[in-house]
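The numbers here are math on the coordinates, done by the rules we state, and not lab data. For clarity, every value in this text was computed on a predicted model and none was experimentally measured. Cβ placement follows ideal geometry from the backbone for every residue including glycine, while neighbour counts extend to all protein chains displayed.
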Amino acid sequence: MNSFYYYNPTKLVFGKDSVSKLTEYLPKDVKKILLHYGGGSIKKTGLYDQVMALLEEKDVEVLELPGVVPNPKLSLVRQGVKLCKEEGVDFILAVGGGSVIDSAKGIAAGVYAQEDVWDLYVEGEALEKALPIGVVLTIPATGSESSNATVISNEETKQKLGLEDDLLRPVFAILNPELTLTLPERQTFAGIVDILSHVMERYFTNTENVELTDNLCEGTMRAVISNAYRLLKNPNDYDARAEIMLSGTIAHSGILGLGREEDWASHRIGHEITALYGTTHGVTLSMIFPAWMKYVYKENIDRFARFARQVFDIHDNSKTDDEIALMGISAFEGFLRDIHIPTRLKDEGIPYDEFETMAEKCTKNGSVGKFVKINRDDVINILELAK
Ligand code: NZQ
Ligand code: ZN
């Protein structure tokens with residue numbers, strides 16, 4: 001196990017009645033809140049009215065900045081930074097999914113930056129200060145509700161970059177699984193792919209003697225997969241929604257990666273697809289992860305055979321570990337097909353003419369990934385396998 005430092009201050013408030021407790025968790029000295037949200041789902045579901053009514057009971061002023069789109073844009077982050085500076089906002093409340101939360105984190109970081117907020121994403125240097133943020137989560141997927149990361153798309157340069165800093169971890173995250181009952185099927189299952197991917201980016205490691213986190217990863221993956229099947233049968237199954245919501249938060253809270261080297265090549269390649277084509281994040285992962293697995297599994301067959309046995313219950317003494325590993329990858333692809341999320345670029349209408357551009361962009365520092373270092377040509381080969 002490797003040495004590590006871990007810090008996660010986010011208070012998790014979970015359950016059917018959790019939104020009603022919102023103001024209990026607001027820091028006491030907050031005077032002016034920026035309410036940040038997306039394209040309107042929270043108005044349709046009544047969540048907006050509930051949140052506004054709760055805030056009205058408190059002695060706080062509320063400014064609103066709606067309009068966050070999936071794969072949130074730099075232009076709105078810049079607008080938010082300007083608004084917060086001009087108005088002296090002291091807390092940001094993000095009500096929505098990963099895109100809203102990431103946009104809120106971008107604003108929170110940008111308010112105290114000497115330079116333009118985009119430079120923070122490009123340079124990736126440690127932040128000195130950020131506005132505190134709180135979250136009411138409406139889609140389990142990214143884990144941004146308690147992660148230290150924000151991912152923003154620059155519309156002008158067609159880059160999608162992340163920024164990680166513990167100052168960006170929310171003060172609290174309100175998790176009511178009932179809020180996820182209104183999600184369209186594709187969002188539910190693309191979110192589930194993202195959750196599984198966050199576990200897999202940590203699970204596929206060459207770090208040895210990490211039995212505890214191996215087991216936590218395997219248990220989380222099994223729980224996500226079995227509850228995904230429950231949701232396929234009945235999207236209104238509260239208990240399955242609850243399991244998925246908690247899994248999403250756990251998967252990217254950092255706990256599952258403690259003491260392990262993490263990979264993240266599939267995410268980096270996926271971000272390049274989104275940067276060019278606007279593809280839903282979880283869908284990029286369901287196209288890239290199986291291709292990445294086929295490309296790298298021979299580097300550590302034991303790990304992939306363990307994945308097959310522990311996550312997909314594949315046990316056959318007549319097979320070699322190599323064969324078991326491949327059966328595990330097929331089982332994973334079978335799961336993705338069962339939940340109707342595309343596993344090939346062609347299924348999503350992604351053209352094949354920008355592989356080199358994507359490969360160059362994500363390997364401009366040499367390579368991506370740790371399990372296997374993936375260079376420019378490797379990225380092209382993985383994209384070829386994903387066709
Ligand atoms: O905008 P509204 O109208 O709210 O609609 C949203 C949006 O269209 C809708 N939605 C959300 N909750 C709903 C709902 N519709 C009905 N009922 C509800 N309860 O769902 C759509 C997608 O929302 P979005 O926030 O984009 O989804 P997600 O949570 O998957 O976030 C994706 C973004 O997060 C980044 C991704 O790259 C992507 O940009 N990630 C952030 C991470 C982090 N900060 O730690 C890690 C991840 O790996 C990921 O990169
Ligand atoms: Zn992700």
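Data overview
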quantity	calculated
Cleavage-rule hits (chymotrypsin sites (Phe, Trp or Tyr not before Pro)) in the range 279-387: DSSP loop, at most 12 neighbouring Cβ within 10 angstrom	Tyr352
Rg over Rh [alpha-carbon atoms, Kirkwood Rh] for the range 26-141	0.96
Nonlocal amide H pairs with Glu61, under 5 Å, H built at 1.01 Å	Lys32, Ile33
Prolate/oblate/rounded call for the range 142-211, Cα gyration tensor, a/c under 1.5 rounded	rounded
Against the rule of thumb 2.2 N^0.38 Å, how large the Cα Rg of the chain comes out	0.97
Per-residue ³J(HN,Hα) for the range 321-329, Karplus 6.51 cos²θ - 1.76 cosθ + 1.60, θ = phi - 60°, Hz, x for Gly and Pro	4, 4, 5, 4, 4, 5, 5, x, 5
Cα shape, the range 262-387, gyration tensor, a/c 1.5 rule	oblate
Per residue, the convex hull volume that the Cα atoms of the range 19-59 enclose (Å³)	71
HN-Hα J in Hz across the range 228-233 - Karplus 6.51, -1.76, 1.60, θ = phi - 60°, x for Gly and Pro	5, 5, 5, 6, 5, 6
Shape call, the range 123-270: gyration tensor on alpha carbons, a/c limit 1.5	oblate
Amide proton proximity set for Gly38, modelled H, under 5 Å, gap of 5+	Gly67, Val68
Sequence-distant residues sharing a close amide H with His252 (under 5 Å, placed H)	none
Helical contribution to [θ] at 222 nm, DSSP H n ≥ 4, -39,500 (n - 2.57), averaged over the chain, rounded to 500	-15000 deg cm²/dmol
Hz values of 3J(HN,Hα) by residue in the range 49-58 - Karplus curve (6.51, -1.76, 1.60), Gly and Pro given as x	4, 5, 5, 4, 4, 5, 5, 4, 6, 9
Residue pairs, from the table Lys158/Lys370; Lys43/Lys387; Lys21/Lys370, whose Cα atoms sit over 32 Å apart	Lys43/Lys387; Lys21/Lys370
Alpha carbon centroid spacing (whole Å) that separates the range 311-387 from the range 201-254	20
Residue pairs, from the table Lys105/Lys160; Lys160/Lys364; Lys11/Lys58, whose Cα atoms sit over 18 Å apart	Lys11/Lys58
